[in-house]
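The values are calculated or read from the model by the stated rules, or taken from the named source; none is laboratory data. Predicted model, so just to flag it, every value in this text is computed and none were measured. Note that each Cβ is placed from the backbone with ideal geometry, even for glycine, and that neighbours are counted across all protein chains shown.
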Ligand code: PBG
């Protein structure tokens, strides 16, 4: 330290500028508190099938199974004990028919409709979200109602999608999460929820920036929801589009979305950051999708990296980029690690 003309000036050797603030774990932690992963930052996607006693391992998603409701309980009991806060339900049907109106998306035979009251009763503190889409229940596998030329009929689609959302809400969902990407569905859902006095009892989590991605392959196998013809490029965002995610976020926020989502995430971290920066007051969700899960799983299996170290790095980066909640098939594993160490 030198005194010059009454002012103090410090001469700090350059090599001490950063190293002096990260020399032990507590000091390092102080730089990453915003990136912490706690149970509140995780949502667990689960697949429910019609047969109550089924456990169906999904070969394209190693370590993940579809469950009948009774087996789902056995599976979830320990995950809830480890601190699970929220789940995202996907129904998968095999025996009850699919048709062009997705009639079984919300019929009394639908596995999600049947599971909701039971899950509410078994796990009173668990927050339950339902994916709302028509593709697992339509004969053609598309996410909306089609015109005779195969194009999307927007008014019929959002009418049907909002009916399905309302049915899930009435059956006990805390959150409805439309993943179809149709224009106007958030407003249509909000309107129906309000009309049925569920406006302030059920939240809407919008799959806002959902891209027509390569990374959904294993999911379409898991949910048996691959389209029978064509693709989803007319309603999911083009992977290289730069301005559309923010326009989609603006559309959804104006229609009343409570929470926003970017999906997939690893190739879209810039989108995550720009949407969170534009809408800092909306909880921001990211979906680490099936292809991302499988890619990381196989890389760890092949010895590219240690799974835990890699996931810690990936999840903290997602948090740093603006993710409040990460939807991941790795949730049970991470909760187990958190139990053991209280920290990732
Ligand atoms: C349904 C839906 C999909 C996913 C979530 N909801 C598939 C798709 O749009 O093709 C993907 C989830 C994943 O890959 O893990 N519309």
- [ ] Restrict the check to the range 112-121 and report whether at least one residue is buried (at least 19 other Cβ atoms within 10 Å of the Cβ), in a loop (DSSP other than H, G, I, E, B), at pLDDT 95 or above and in contact with a helix residue (DSSP H, G or I) (Cβ under 9 Å, 6 or more places away or on another chain).
- [x] no
- [ ] For the range 274-284, indicate whether the set of residues that are surrounded by 18 or more Cβ atoms within 10 Å (Cβ to Cβ), outside any strand (DSSP E or B) and within 16 Å of the ligand (Cβ to nearest atom) is non-empty.
- [x] no
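Of all residues in the range 243-273 being in a loop (DSSP other than H, G, I, E, B) and in contact (Cβ under 8 Å) with a residue 24 or more places away in the chain, which is farthest from residue 315 (Cα to Cα)? Explain how you work it out, then say what you get.
Start the filter on the range 243-273 by keeping residues that are in a loop (DSSP other than H, G, I, E, B), which leaves 243, 255-258, 264-265.
Of the ones still in play, those that are also in contact (Cβ under 8 Å) with a residue 24 or more places away in the chain are 255-258, 264-265.
On the way: 255: 30, 256: 28, 257: 25, 258: 23, 264: 13, 265: 11 Å.
Of everything passing the filter in the range 243-273, 255 is farthest from residue 315 (Cα to Cα).
So is residue 60 at pLDDT below 95 and either more than 16 Å from the ligand (Cβ to nearest atom) or under 21 Å from the mean Cα position of the chain (by Cα) (or both) or not? I'd like the intermediate steps shown before the answer.
Details: at pLDDT below 95: yes; either more than 16 Å from the ligand (Cβ to nearest atom) or under 21 Å from the mean Cα position of the chain (by Cα) (or both): yes.
It is true that residue 60 is at pLDDT below 95 and either more than 16 Å from the ligand (Cβ to nearest atom) or under 21 Å from the mean Cα position of the chain (by Cα) (or both).
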Task: Any chance residue 180 is closer than 24 Å to residue 263 by Cβ, at pLDDT below 95 and touching a helix residue (DSSP H, G or I) at 6+ places or on another chain (Cβ under 8 Å) - done: yes
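Counting only residues that are within 24 Å of the chain's Cα centre (by Cα) and without any contact (Cβ under 8 Å) to a residue 60 or more places away in the chain, which one in the range 108-118 is nearest to residue 52 (Cα to Cα)? Spell out how you get there, then give the answer.
Step one: filter the range 108-118 for residues within 24 Å of the chain's Cα centre (by Cα), giving 110-118.
Filter again for without any contact (Cβ under 8 Å) to a residue 60 or more places away in the chain, leaving 110, 113-114, 116-118.
Details: 110: 12, 113: 13, 114: 10, 116: 13, 117: 14, 118: 12 Å.
So the residue we want is 114.
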- [ ] Check whether at least one residue in the range 295-308 is within 16 Å of the ligand (Cβ to nearest atom), in contact (Cβ under 8 Å) with a residue 12 or more places away in the chain, under 30 Å from residue 256 (Cα atoms) and surrounded by 15 or more Cβ atoms within 10 Å (Cβ to Cβ), and report yes or no.
- [x] no
Open item on the list: If a residue must be within 16 Å of residue 293 (Cβ to Cβ) and assigned to a loop (DSSP other than H, G, I, E, B), how many such residues does the range 324-338 contain?
Closed with: 3
Open item on the list: Can you confirm whether residue 45 is within 29 Å of residue 228 (Cβ to Cβ), within 21 Å of the chain's Cα centre (by Cα) and outside any loop (DSSP other than H, G, I, E, B)?
Closed with: yes
Task: Any helices (runs of 4 or more DSSP H) falling wholly within the range 149-242 and containing at least 3 residues that are within 16 Å of the ligand (Cβ to nearest atom), over 30 Å from residue 124 (Cα atoms) and within 20 Å of the chain's Cα centre (by Cα) - done: 217-222
Open item on the list: Given the condition more than 18 Å from residue 84 (Cβ to Cβ) and either free of Cβ contacts under 8 Å to residues at least 24 places away in the same chain or surrounded by fewer than 20 Cβ atoms within 10 Å (Cβ to Cβ) (or both), answer yes or no: does some residue in the range 321-342 qualify?
Closed with: no
Open item on the list: Could you list, ordered by first residue, the pairs with Cβ atoms under 7 Å in which the first is in the range 215-228 and within 13 Å of residue 137 (Cβ to Cβ) and the second is near the ligand (Cβ under 6 Å from one of its atoms) and not in a helix (DSSP H, G or I), at least 6 apart or interchain?
Closed with: 225/135
